[in-house]
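The values are calculated or read from the model by the stated rules, or taken from the named source; none is laboratory data. Computed from a predicted structure; not experimentally measured. Note that each Cβ is placed from the backbone with ideal geometry, even for glycine, and that neighbours are counted across all protein chains shown.
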């Protein structure tokens, strides 16, 4: 779900996006692209301080909501340029929207996905679950990276970001209804939040197995 919202497209193809929005100077396009990377780095650092203060759920909902809004405004700016030619206000809207999109991603969906996925799996399945999560993430990363230009030629770049905005809305609803808050909840208790039964029993089982191994050694 992370990369399906379009973050890889914005980061990798930001020069192309700003060029489609009406940017012409190579120096300014390069500067705007550097700004995308700096925005991502700064807001990831901010997220590390907010993670345990604000909570995972609030940051995820704020992040995906902001991404949906920013992606929509970016799509509007790109669509207006596509239909009416170079417009200064549309170029500015596109640049601000791209930065806003990256900022909202970096403060929530980007870092929290890895934290949340490491917490929610039952103890006995945590390693396998995390591995599958990473694999799916990488596959989606590659899919968006390789298909972005092809989809853009089919439905225009504005259309692509309208699509990303729709995916972000679906993600917001999923997080709202399916993901409880895990801030401050011990790992052995989180399984109960997802109806996984008595997590303490799983811990006891692991402790018994560890003792057996130690005895054999």
Quiz item: How many of the residues making up segment 150-169 are loosely packed, with under 14 Cβ neighbours inside 10 Å and either closer than 18 Å to residue 69 by Cβ or in contact with a helix residue (DSSP H, G or I) (Cβ under 8 Å, 6 or more places away or on another chain) (or both)?
Solution: 1
Quiz item: Does residue 206 fit the bill of being in contact with a helix residue (DSSP H, G or I) (Cβ under 9 Å, 6 or more places away or on another chain), surrounded by 12 or more Cβ atoms within 10 Å (Cβ to Cβ) and modelled with pLDDT under 75?
Solution: yes
Quiz prompt | Check on residue 66, at pLDDT 85 or above, crowded, with 19+ Cβ neighbours inside 10 Å, under 30 Å from residue 185 (Cβ atoms) and under 19 Å from the mean Cα position of the chain (by Cα) | solution = yes
